[in-house]
Every structure is written in structure tokens, then in C-alpha cells.
Amino acid sequence: MKLTLRVWRQSGPQDKGGMVEYKLDDVSPDASFLEMLDVLNEKLIASGEEPVAFDHDCREGICGMCSLVINGTPHGPERATTTCQLHMRKFKDGEVIDIEPWRARAFPVVKDLVVDRSAFDRMIQAGGYISAPTGTAPEAHATPVPKPDADRAFEAAECIGCGACVAACPNGSAALFLGAKVTHLGLMPQGQPERWDRVVSMLDTHDQEGFGGCTNTGECTVACPKGIPLDVIGRLNHDYLKATAGGKKR
């Protein structure tokens, strides 16, 4: 395949960036999108140019590190697929592909296609955990969990924290990410002690980090590579109202 790539290049957080065009020939349709970027970087290094910086780690759709807006869509054209699992056969020979970083106030560009997503870490630190006594593991059946709750919690726990929901949202909201964490932990018996404090602390941190408010446009769940459903935001709002207006928060 022959491709024309228009890649966002930016030397640092305070530098002005712009789209730079590159040509690639003989790209295998069986290569992943990140492997195609590896080929581009090898070409750039061989010609003495600075390679394109981009985030990646497991390349198996698990870690959530890959974070590219491809032709205006977070993670690219294939639904429920991370950038690293996207293959070049999804594109046409001779196609022009625009590659940009996540765009959100809370995700400042570090360099080229790399953004700082530490705001997610601070939200998790604010309440995305459980308190549990140390020691031996409890007997598996000691605390029964209804099957619907277990299934729902598992569905929410599939969130990999990539930030595609924020990049897709016109308001730059992280409500889907936050709703997934609150739903996952709030449905489990182990998550009950901090349930009400958790939702207030995490939502307060969300707002302090500069994320926008949710207006239920639904772009987030469409872009989510794990298909986290929109109704986790409903549970987030439910728990927040009970914690504040309902007087549940300690």
C-alpha cells in the first residue's frame, strides 16, 4: 500500500505544533497501525530526522497506552478496537491519513502524539480503590454477589483508561471513565465502605483537573474501544446525588 500521512508534530508542551506530511510505500495491509508508524520512524531515523513520538506498551489492546485520533476518530475507523489492534487493511491504497493526539484541556500535549494523562491517575488516587484488611484471601463463597451485579461490575471493569471518551467528547468530559470506575467498585461488597465518599472525591477531582461536564451526547461510548455503556454515567449521577443531597457521605 502507498499512503500519505499527515502527522501532528510538536516539540514540547509550550511549542507551536502543526501537521507534517510524509509518504510511505510498500506498507503491508497486515501490519498494525503502530507497526506502520514504526516503519515511518525507521525511515525518519535513517534520513537523520527526529522520529515521531507516540505512546504504546502492550500492543494487545489491554494497557490503554495507545492514544491516537485517526482521521478525526479516537482509535480510528474500527469500532471497539484500540489503535494498536487496528490493521492497515482497514484503509485504502493511496489514502491520506491524518494522525493527531488526544485533544482535551486536561490532556496537554507532551510531544508530537504523546499527551499527559496523569489527570486520570489523580482521579483514581482520589477514590478509585477499596480498603481491605491484609492477610489470607477470604473463602471465595463467603460473600455472595448476585450474578447481575457481578456481570455489570465486570462490564464496567473492562475500562482500560485510555482516554478515548475524553478525546471524543465535545466537552472534554471524563464522565464515562469515572462512571465505569464508580459502577465497578460500587456494585461489589468490597467497594461499599468508601462508596459515597468515593463518588464525591472522584467527581471533585474530575472538575479540578479541567474536564468538562457531561451533556449526554454519547460520543464517548461510541469511541470507547471496550464498549463501556453510557448508562454507567447514570449510576455515577445517582450515587453522587445520594451522597450529597441524600446525606450518605460521611
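Histogrammed with a bin width of 10 Å, the alpha carbon distances of the chain distribute as 7, 28, 30, 19, 11, 4, 0 percent, first bin at zero.
Given R₀ = 45 Å, FRET efficiency for ASP98-GLN190 by Cβ-Cβ distance, to 0.05? Don't skip to the answer; put the middle values down first.
Numbers: r = 44 Å, r/R0 = 0.98.
Calculated value: 0.55.
Evaluate the relative contact order of region 128-188 (contact order divided by residue number), counting alpha-carbon pairs under 8 angstrom at least 6 apart; express in whole percent. Can you show the working numbers first?
Working: 39 pairs, mean separation 28.2, N = 61.
Value for region 128-188: 46 percent.
Wrap a convex hull around the Cα atoms of region 147-250, take a quarter of its surface area, and give that in square nanometres.
Details: hull surface 25.1 nm².
The Cα convex hull of region 147-250, projected and averaged over all directions, gives 6.3 nm².
When the alpha carbon coordinates of region 137-183 are projected onto the principal axes, the ranges are 45, 21, 12 Å, largest first.
Here the calculated FRET efficiency for ARG59 and GLU158, from their Cβ-Cβ distance with R0 = 25 Å, stands at 0.85, rounded to the nearest 0.05.
Relative to the dominant Cα principal axis of the chain, helix 195-208 is inclined by about 40°. If you take the Cα centroid of region 148-171 and the Cα centroid of region 1-72, the two points sit 26 Å apart. Note on the chain: GNM, Cα springs under 10 Å; of HIS238, HIS206, HIS184, the largest mean-square fluctuation is that of HIS238.
Of all lysines in the structure, those lying under 23 Å Cα to Cα from LYS147, and not within fewer than 8 positions of it along the same chain, are LYS181, LYS226.
Translational diffusion coefficient, Stokes-Einstein: compute it for region 49-122 using the Kirkwood radius over C-alpha pairs as Rh, at 37 °C and 0.692 mPa s, and state it as an integer in µm² s⁻¹. Answer, rounded: 248 µm²/s. The listed residues LYS92, LYS16, LYS111, LYS181, once ranked by accessible area (1.4 Å probe) with the largest placed first, stand as LYS16, LYS92, LYS111, LYS181.
Rolling a 1.4 Å probe over the protein heavy atoms leaves PHE154 with an accessible area of roughly 140 Å².
Taking the Cα centre of each part, how many Å lie between region 189-204 and region 90-120? Result: 32 Å between the Cα centres. Stokes-Einstein diffusion coefficient for region 99-186 at 37 °C in a medium of 0.692 mPa s, Rh from the Kirkwood formula over Cα pairs: what value in µm²/s? Taking Rh from Cα pairs, D becomes 216 µm²/s.
Model label sites at ASN41 and ASP116, defined 7 Å from Cα along the beta-carbon direction, differ in position by 2.2 nm.
For region 3-111, the relative contact order works out to 34 percent when only alpha carbon pairs closer than 8 Å and six or more residues apart are counted. Can you tell me the 0 to 90 degree angle between the C-alpha axis of helix 147-157 and the longest principal axis of the chain, rounded to 10? It works out to around 40 degrees.
If the segment from THR244 to THR136 were pulled out straight at 0.36 nm per residue, it would be longer than the present Cα-Cα gap by 35.3 nm. With a 1.4 Å probe rolled over the protein heavy atoms of all chains, the accessible area of LEU203, LEU40, LEU241 falls in the order LEU241, LEU203, LEU40, largest first. In the chain, the longest principal axis of the Cα atoms and the axis of helix 33-46 are about 50 degrees apart. Taking THR215, THR81, THR183 in turn, the Gaussian network model of the chain (Cα-Cα springs below 10 Å) assigns the largest fluctuation to THR215. Note on ARG89 and MET19: the model spin-label points, each 7 Å out from Cα along the C-beta direction, lie 2.8 nm apart.
Quick one: how many lysine pairs does region 3-111 have with C-alpha atoms less than 22 Å apart and a gap of 8 or more or different chains? Give me the count, please. Intermediate values should be presented prior to the final figure.
Values: LYS16/LYS111; LYS23/LYS43; LYS23/LYS90; LYS23/LYS92; LYS23/LYS111; LYS43/LYS92; LYS43/LYS111.
Lysine pair count for region 3-111: 7.
Looking only at region 3-111, where both bridge partners belong to it, what percent of the DSSP beta bridges are antiparallel (to the nearest 5)? Provide the component values of the computation, followed by the final result.
Details: 12 of 16 bridges.
Roughly 75 percent of the beta bridges in region 3-111 run antiparallel, per DSSP.
The 1.4 Å probe gives accessible areas that order MET19, MET188, MET123, largest first, as MET19, MET188, MET123.
Whole number in Å², please: accessible area per residue of the chain, 1.4 Å probe, ligands, DNA and RNA not counted. Walk me through the numbers before you get to the answer.
On the way: 12590 Å² over 250 residues.
Averaged over the residues of the chain, the accessible area is 50 Å².
Computed over protein heavy atoms with a 1.4 Å probe, the carbon and sulfur contribution to the accessible area of the chain reaches 51%.
The values are calculated or read from the model by the stated rules, or taken from the named source; none is laboratory data. Quantities reported herein were computed from a predicted structural model and do not represent experimental measurements. Ideal geometry is used to build each Cβ from the backbone, glycine not excepted, and the neighbour counts take in all protein chains shown. What goes into the accessible areas is simple: the full protein's heavy atoms, side chains included, and nothing from ligands, DNA or RNA. Shrake-Rupley method; radii C 1.70, N 1.55, O 1.52, S 1.80 Å.
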